[in-house]
Amino acid sequence: MMDFFTQSVFFGVCLSLACYEAGAFLKRKLGYAFLNPLLISIVLSIGVLLVTHIDYDVYYSGAKYLSYLLTPATICLAIPLYEQFEILKKNVQAVIAGIVSGILTSVGTILLCAVLFHFEHAEYVTFLPKSITTAIGMGVSEQLGGYPSITAAVIIITGVLGNILAEPVCKIFRITDPVAKGIGIGSASHAIGTSKAMEMGEVEGAMSGLSIAVAGIITVFAAILFAGFY
Amino acid sequence: MKYIRQFLLILFISFLGEILHYLIPMPIPASIYGIIILFLGLEFHIIPLDSVKETGKFLIEIMPVMFIPAGVGLMESWGLIKASWLQYIITIVVSTVLVMAVAGRVTQMIVRRKEKQS
């Protein structure tokens, strides 16, 4: 039986999609914000693997085809950005100021938490790139002497959290402007947050997608600078 | 035919992104180069919108499920973070909420100020 699963190409993908559908169903039926389909699908999939004693590697041998599409899909974020370019041009100062303030808040709060929790230097730099896309973040972490695999985990958790909290945070902090929503979500939680922003609206999605690229690149320099502070 | 050509173009841009990532010694991934290439291509009318639109929208719509494998991978990294998991989670929650709030509020403030001026 195990042999069959280790050779199945479709098991991992089916499990992931089925769990996502289950999450979307629960959210529709019960309507709580924390019932996030992405979170539920991750928790359910982990649960199924643990209960059935199927290794992550076995699951991933099929599920990797979902990850494979991530680069092409991220590139396609240029399409809404192109369609909303007029709005971006009109608000370029606000967008840049928003993203830069987000990056400073990110490295600033991490510095504060590092002092508060007595992080080692290596732990501190591991967290510095937490709000940006994994591919950039792991490189930064490695360069600064952090633990890239922990950085990857922290980035994923940040993204899922941003995806869950996007709507409540915008509500609580009274962020109603679609450009501002998109910049906030994208700066805080990269592509995983952006997939939520995309559901909220075209402008939100376009601005959030833009933030992935801009915040990702500027954070490289901010992290190098802030690495010297602790 | 349309979908094959659109998919090909998107994958080809991904490939160009990989080439740039290989050639340029910076920690910038293929996807970021790809966004820039596709955006410039559309903006300067080298790539017509029709040649990527449907497949692009489809890929964006199914994007959330592409993060499931990485999320499930957290079961493998649990060993790395369990020693200080509480401090880590507090750091992540505080920082993520504040970044979203500050970046959003600052953007909104300037957007509104500009709207008032005009």
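Using a Förster radius of 51 Å, what is the FRET efficiency between A:I224 and B:I4 based on their Cβ-Cβ separation? Nearest 0.05, please.
Using R0 = 51 Å, I get an efficiency of 0.75.
Could you list, bin by bin from short to long, the percent of Cα-Cα pairs of region B:1-69 in 10 Å steps?
The calculated distribution, bin by bin, is 20, 46, 30, 4.
Rounded to whole Hz and in sequence order, give me ³J(HN,Hα) for region A:179-194 from the Karplus expression 6.51 cos²θ - 1.76 cosθ + 1.60, θ = phi - 60°, writing x for Gly and Pro.
After applying 6.51 cos²θ - 1.76 cosθ + 1.60, I find 4, 5, 4, x, 5, x, 5, x, 5, 7, 9, 5, 5, 5, x, 4 Hz.
Nearest 100 Å² is fine: what is the total accessible surface buried where chains B and A meet, probe 1.4 Å?
7400
So what is the 222 nm mean residue ellipticity for chain A from helices alone, if each DSSP H run of at least 4 adds -39500 (n - 2.57) and you divide by all residues, rounding to the nearest 500 deg cm²/dmol?
-26500 deg cm²/dmol
For chain B, what does the alpha-carbon gyration tensor say about shape, rounded, prolate or oblate, given a ≥ b ≥ c as the root eigenvalues, a/c under 1.5 as rounded, and a/b over b/c as prolate?
The shape class here is oblate.
Classify the protein assembly as shown as rounded, prolate or oblate, taking a ≥ b ≥ c as the square roots of the eigenvalues of its Cα gyration tensor: rounded when a/c is under 1.5, otherwise prolate if a/b is larger than b/c and oblate if not.
rounded
Can you list the HN-Hα couplings for region A:71-86, worked out from phi with the Karplus curve (6.51, -1.76, 1.60; θ = phi - 60°), rounded to whole Hz and with x for Gly and Pro?
Working through the residues one at a time gives 5, x, 5, 4, 4, 5, 4, 5, 5, x, 4, 5, 5, 9, 4, 4 Hz.
Calculate one ³J(HN,Hα) per residue across region A:204-221 by plugging θ = phi - 60° into the Karplus curve 6.51 cos²θ - 1.76 cosθ + 1.60, and present them in order as whole Hz with x for glycine and proline.
For region A:204-221, the Karplus-derived couplings read 4, x, 4, 5, 5, x, 4, 4, 4, 5, 5, 5, x, 6, 5, 4, 3, 6 Hz, x marking Gly and Pro.
With the full set of protein chains in place, find how many percent of the accessible area of region A:81-210 is carbon and sulfur; take the probe as 1.4 Å.
C and S atoms contribute 64 percent here.
Please report how far the C-alpha centroid of region A:202-230 lies from that of region A:1-58, rounded to the nearest whole angstrom.
31
What is the sum of charges around B:R113, taking Lys and Arg as +1, Asp and Glu as -1, for the other residues whose C-beta is under 15 Å from the C-beta of B:R113?
Taking every other residue near B:R113 into account, the sum is +3.
Where the centre of each part is set by its Cα atoms, how far does region B:1-59 sit from region A:138-193, in angstrom?
Computed from Cα coordinates, the inter-centre distance equals 24 Å.
Heavy-atom accessible area per residue, the protein assembly as shown, 1.4 Å probe: how many Å²?
Normalised by residue count, the accessible surface of the protein assembly as shown is 46 Å².
Taking loop as defined by DSSP and a crowding limit of 11 other beta carbons within 10 Å, which chymotrypsin sites (Phe, Trp or Tyr not before Pro) in region A:1-80 fit?
Answer in residue order: A:F10, A:Y32, A:F34.
How much net charge surrounds A:A94 when only the other residues with a Cβ under 12 Å from the Cβ of A:A94 are counted, with Lys and Arg +1 and Asp and Glu -1?
Neighbourhood net charge equals +4.
Taking a probe of 1.4 angstrom, what is the accessible area of A:V43 in Å², to the nearest 10?
90
Run the helix sum for chain B: -39,500 (n - 2.57) per DSSP H stretch of 4+ residues, divided by residue count, reported at 222 nm to the nearest 500 deg cm²/dmol.
Computed mean residue ellipticity for chain B: -25500 deg cm²/dmol.
Projected onto the charge dipole of the protein assembly as shown (+1 at Lys/Arg Cβ, -1 at Asp/Glu Cβ, origin at the Cα centre), which of B:W78, A:V154, A:V58 gives the Cα projection farthest towards the positive end?
The residue sitting most towards the positive pole is A:V154.
The values are calculated or read from the model by the stated rules, or taken from the named source; none is laboratory data. As the structure is a computational prediction, the values presented were derived from the model and not from experiment. Cβ: placed from backbone, ideal geometry, glycine included. Neighbour counts: every protein chain shown. The accessibility values were calculated without ligands, DNA or RNA, using every heavy atom of the protein model including side chains. Shrake-Rupley method; radii C 1.70, N 1.55, O 1.52, S 1.80 Å.
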